[in-house]
Amino acid sequence: MTETLAIGAYTDDDTAALRDGFQAHGIAGPDGIAAVDGGLRATVRAVAFKGHKSFGAAEMDLLPKLGLIANYGVGYDAIDVAAASARGIKVTNTPDVLNDDVADLAVAMLLMQGRETIQANDWARSGQWAQKGEYRLNRKMSGGKVGIVGLGRIGREIANRLVGFKMDIHYHSRQEKQTPGWTWHADPVSLAQSVDFLFVALVGGPATEGYVSRAVIDALGPRGVIVNISRGSTIDEAALLDALESGRIAGAGLDVFRNEPKIDPRFYALPNVVIQPHQGSGTVETRIEMAALQRRNVAAYLAGKALETPVN
Ligand code: NAP
C-alpha cells in the first residue's frame, strides 16, 4: 500500500530511496495531486515535499489521511502551515544541515560583487588582460561595516564568517541576542544607516513580506550592497531595482527573487548585481544530508515515533 507521496524533482538516488524505503509514488508538483488516482490518494499518510510551488489547504484536502508534510529545505513558506495545523497535519523541515553552504554562498556573493570577480574573469578570458593590461581597481571588502537582517541559524553563520574578514558586525532581530562585540539594532532602518553591506537571512512568507523596505534600502546609501539568500519576498523588489538602476545603492548579490526562475529582466541589465540561480544549499554533500533528514522524518512519522525536526 502506498502511504507516501513524493512531490518534486528528486535526484535518481533520492527517488530510489523514497521508492525502496516507502514505496513512494512520485509526482512533479502539488498542482498534480488532483490527477492522482483517488484510491491512492486515500491511502497517503505522508508527503515528501520538494519545491517552491504552493502547498495549501486545497491540496491537503485532496489527501484525507495526510498526517505529515516533510519539506526538503529549511524554508517552508510554500506550505500553508496554519492550514496544516488546523487539519492536524505535522510539518517538518531540514534545518542546520545547509547553514554552511548558504552562508558560504552569501559571503562569496559579497566578494564577487565588490571585487568584480565575474567582470575580472571576463577581462582575462577575453584577452583584454594581455591586450590592455591590468583590470580596473575595485573595492576593499575586509574590515567593512556589515549588517545582518535576521540573525537565525544561517544569519549567525554568515556573521561568524565575516568576523574572519575583520568586519564590524551589526544585526537586526526582534530581540537582542547573546552576541558579545556585535551591535544590535531594534529596527532595520537603523541597521541599514549604520553599515555598508547588508545581508538578508530572514524566513520568507507573509510575516516578512517586503521587510527590507524602500526606507531600509534608501538608508543603506550609495556605497551600500545588499546580499539576499533568504527569499525574494523579503525585499521590496521594485524599490531594490529602482535603487540599483539609479545608483542610490552600489550593488547587490542575489540568490533569490520574486517570480523565480522567471526573474524581472531589469536585473539582467545591471552590471552591479551578482545573480545566482537559488543555489544556496546546492552542493552534492548538503543535498544528500537534506534528503536523508527529510526521509528520517517520513520514517519516524510512519513508525509513530517522534519527528526529528518538527515545524508545528
Ligand atoms: P531561522 O534560524 O529560523 O532564522 C530566521 C530569521 O528570521 C530569524 O532571525 C528570525 O528573527 C527572523 N524572523 C522570523 N520571523 C520573523 C518575523 N515575523 N519578523 C521578523 N523577523 C522574523 O532560519 P534559517 O535556518 O536561518 O533560514 C532562514 C531562511 O533562509 C529560510 O527560511 C529560507 O527561506 C532561507 N534559505 C535560503 C536558501 C537558499 O538556497 N538561498 C537555503 C536555505 C534557507 P529573530 O532572530 O528575531 O527570531
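Check segment 138-148 and report whether any residue there is open to solvent by 50 Å² or more (accessible area, probe 1.4 Å) and either in contact (Cβ under 8 Å) with a residue 40 or more places away in the chain or in contact with a strand residue (DSSP E or B) (Cβ under 6 Å, 6 or more places away or on another chain) (or both).
Yes: segment 138-148 contains one or more residues that are open to solvent by 50 Å² or more (accessible area, probe 1.4 Å) and either in contact (Cβ under 8 Å) with a residue 40 or more places away in the chain or in contact with a strand residue (DSSP E or B) (Cβ under 6 Å, 6 or more places away or on another chain) (or both).
Go through segment 1-39 and give me each residue that's open to solvent by 50 Å² or more (accessible area, probe 1.4 Å), over 20 Å from Ala303 (Cα atoms) and outside any helix (DSSP H, G or I).
Ala9, Thr11, Gly26, Ala28, Asp37
Looking only at residues in segment 233-257 that are open to solvent by 30 Å² or more (accessible area, probe 1.4 Å) and within 16 Å of Tyr211 (Cβ to Cβ), which one is nearest to the ligand (Cβ to nearest atom)? Outline the logic, then answer.
Narrowing segment 233-257 to residues open to solvent by 30 Å² or more (accessible area, probe 1.4 Å): 236, 238, 242, 245-248, 250.
Now restrict to residues that are within 16 Å of Tyr211 (Cβ to Cβ): 236, 238.
Details: Asp236: 15, Ala238: 20 Å.
Only one residue fits best here, namely Asp236.
Which residues, counting only those in segment 284-312, are open to solvent by 90 Å² or more (accessible area, probe 1.4 Å) and among the basic types (Lys, Arg)?
Arg296, Lys305
Please enumerate the residues belonging to segment 163-176 that are open to solvent by 80 Å² or more (accessible area, probe 1.4 Å) and either within 14 Å of the ligand (Cβ to nearest atom) or farther than 21 Å from Asp104 by Cβ (or both). Before you say what the answer is, go through the steps one by one.
The initial filter retains those residues of segment 163-176 that are open to solvent by 80 Å² or more (accessible area, probe 1.4 Å), namely 166, 174-176.
Within segment 163-176, Arg174, Gln175, Glu176 meet the criteria.
Filter segment 40-56 down to the residues that are outside any loop (DSSP other than H, G, I, E, B) and open to solvent by 30 Å² or more (accessible area, probe 1.4 Å), then identify the one that is nearest to Thr2 (Cα to Cα).
Leu40
What tally of residues in segment 62-98 results from selecting those that are within 16 Å of the ligand (Cβ to nearest atom), of a type in the set (A, V, I, L, M), assigned to a loop (DSSP other than H, G, I, E, B) and within 24 Å of Val36 (Cβ to Cβ)?
Final tally of qualifying residues: 1.
Starting from segment 119-130, take each residue that is without any contact (Cβ under 8 Å) to a residue 12 or more places away in the chain and list its partners that are assigned to a helix (DSSP H, G or I), counting only C-beta distances under 6 angstrom and pairs at least six apart or across chains.
Trp129/Trp123
Scanning segment 264-280 for residues that are open to solvent by 20 Å² or more (accessible area, probe 1.4 Å) and within 16 Å of the ligand (Cβ to nearest atom), which turns out nearest to Glu237 (Cα to Cα)?
Only one residue tops the list, namely Ile275.
The values are calculated or read from the model by the stated rules, or taken from the named source; none is laboratory data. For clarity, every value in this text was computed on a predicted model and none was experimentally measured. We place every Cβ from the backbone using ideal geometry, glycine too, and count neighbours over all the protein chains shown. Surface accessibility is based on the protein's heavy atoms, side chains included, excluding ligands, DNA and RNA. Shrake-Rupley method; radii C 1.70, N 1.55, O 1.52, S 1.80 Å.
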